[in-house]
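Enquirer: Next up is a structure, given as structure tokens.
Readers should treat all values here as calculations from the given coordinates under stated rules, not as data from a laboratory. What you see is a predicted model, and the numbers here were worked out from it, not measured in a lab. We place every Cβ from the backbone using ideal geometry, glycine too, and count neighbours over all the protein chains shown.
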Amino acid sequence: MRCSTTFLGLLVLWAGAASGVDSVSAPRPTPLTRPEMKEYLEDMKQRTPRIPLPPLTDEEKAKLGDREAGYESRLRALYMPYGDGRGGFGGTRPGGERSNEKSADAKTGRGTGGGFGQSDPAMTLDYKFKTSLFWIVSRTNNCQYCLGHQESKLLGAGMSEDEIASLDCNWQAFTPKEQAAFAFARRLTLEPHKLSDGDIDELKKHYTDMQILEMILSLAGNNSINRWKEGVGVPQSAGGGGFGRRTEGAAAAEARPEAHSYLTPTSEKFETKVTLVAPLSRDAAGQPTRQTLATRPKLESRKEVELALAKARQRTPRLPLADESKAREILAEDAPQGALPQWMRLLVNFSVGGKRTVAGIRSADEKGDLTPLLKAQVSWIVARQDRAWYATGQAKQRLKALGQSDDQIYQLDGNWDGFSPRERALFTVAKRLAASPVVLTDEDVAAALQQAGNRDVVQLISYTTNRASFDRITEAAGLQLEP
């Protein structure tokens, strides 16, 4: 995979590119080149959060002391139910990326879930490799907050500036094994509806089944984090997550510049190279533009959905499932009555992270202030965007159990005329956040806040990230839909 050199005049077009960052009615533009990307990362420090927070109370100030009141920590404290997980991370709280970083071995990363939860001894993929995949996911999703943090982590793991630039436009600088994983990361992120047996077969040329599952779980977590950060509008941290730091401990503290900036030098050979990772629109002359895209196709007809669900009931999973008795032993009190669903048996292939993630997914479904009906409706809407047939079938079963008719269920694929303004506003947030996190606009979130209030919108965003993760895990594994 090689980058093409951009057309003449790119740098002129680039001037003022960041002007779209604060647009409330349009998605943030997609930077085309590495220097332009760094400009956008720097501009993200000035981002206005999407969820307005009330002034700190005296009680909060007393608890904080000299510490700064973080935007995400206050969102969690004010609006999220205690113990509710986000994105299928096995119980991590919204904004849990930092806790995941702390669980990683900074040099090898072995045993870390990379977004899947705390360390699991059965996980074997390298930290730098999984962080490279996170970079690709974030570039594909145009999540500039997460992209900045992955830049920091890759530099800290010993990757050079040119190696990071190559992730965007010169995959032939990497091994065939790495290239296969990079292509899979982009496909699972951008086009989960196009996943096929061939995608997994290609990975099996280089990785074991458990490494592939670990990769899927990590990538699903990355996509979830992107959607949380974009959904609530997290500004980039002033320190950039330590961007540019290559050493650790006391040496790092001495080396850290007083004024952090992403605007570091870029090698001449990469200055005008256009990304081949981020999805790009093109003008009439075939030249790339910065217009951010959502690439999901038109939803299928009701008949086509029913045929797809019938096929999902007959398919064979692409990855092995844990024996039911062994899975019950691992899950213990978290195991439901009756036959264990395939998604649980898939996850507990990793006994530590899997148990935690099962608990987190169930917590997201069972806790909080959103009604069971709204959660089931959102599960359907998100799964339909992802063409995740296992998740679509499960959502349909939940909706039927809640008394919804087939006609009512399929109305969720329509224009929502029969729903209230509150429902339509929340459905819009879920649909756009699922399709591509950055196409959700400030205006969309503001409309939902007006209709439903801060608490429900924050919990909706959190729940949507959970379903986006669940969709990718279950569909990549090709799970068979249970009766």
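Enquirer: Mind ranking 468-474, 56-62, 409-415 by how tightly packed they are, going by the mean number of other C-beta atoms within 10 angstrom, highest first?
Expert: Values: 468-474: 28.3, 56-62: 10.1, 409-415: 15.3.
Packing proxy ranking, top to bottom: 468-474, 409-415, 56-62.
Enquirer: Run down the lysines and flag those whose C-alpha is under 22 Å from the C-alpha of K311, throwing out any fewer than 8 positions away in its chain.
Expert: Hits, sequence-local ones excluded: K194, K298, K303, K396, K400.
Enquirer: Sorted from fewest to most neighbouring beta carbons within 10 Å, what does the list K303, K311 look like?
Expert: K303, K311
Enquirer: What's the magnitude of the charge dipole for the range 290-350 around its Cα centre, counting Lys and Arg as +1 and Asp and Glu as -1 at the beta-carbon? Answer in Debye, nearest 20.
Expert: 560
Enquirer: Where nothing but the Cβ of Lys and Arg (+1) and of Asp and Glu (-1) is charged, how large is the charge dipole of the range 389-438 around its Cα centre, in debye to the nearest 20?
Expert: The dipole magnitude comes to about 220 debye.
Enquirer: Give the separation of the Cα centroids, the range 182-228 to the range 345-421, in Å.
Expert: Taking the Cα centre of each part, the range 182-228 and the range 345-421 sit 21 Å apart.
Enquirer: Sticking with this one: Taking +1 at the Cβ of each Lys and Arg and -1 at the Cβ of each Asp and Glu, which of Q385, S363, S351 sits farthest along the dipole of the range 329-385 towards its positive end, judged by Cα position relative to the Cα centre?
Expert: Working it through, the farthest residue towards the positive pole turns out to be Q385.
Enquirer: Moving to a separate point now. Within a 10 angstrom radius of the beta carbon, how do W389, W228 rank from fewest other beta carbons to most?
Expert: Taking fewest neighbouring Cβ atoms as first place, the list is W389, W228.
Enquirer: Please name which of L449, L402, G338 has its Cα lying farthest along the dipole of the range 302-476 towards the positive end, using unit charges on Cβ (Lys, Arg +1; Asp, Glu -1) and the Cα centre as origin.
Expert: Towards the positive end, the residue furthest out is G338.
Enquirer: Tabulate in residue order the Karplus-calculated ³J(HN,Hα) for the range 183-189, using 6.51 cos²θ - 1.76 cosθ + 1.60 with θ = phi - 60°, rounded to whole Hz; enter x for Gly and Pro.
Expert: 5, 5, 4, 5, 5, 5, 7
Enquirer: Quick one: net charge of M344's neighbours, Cβ under 14 Å, K/R +1, D/E -1?
Expert: It works out to a net charge of -1.
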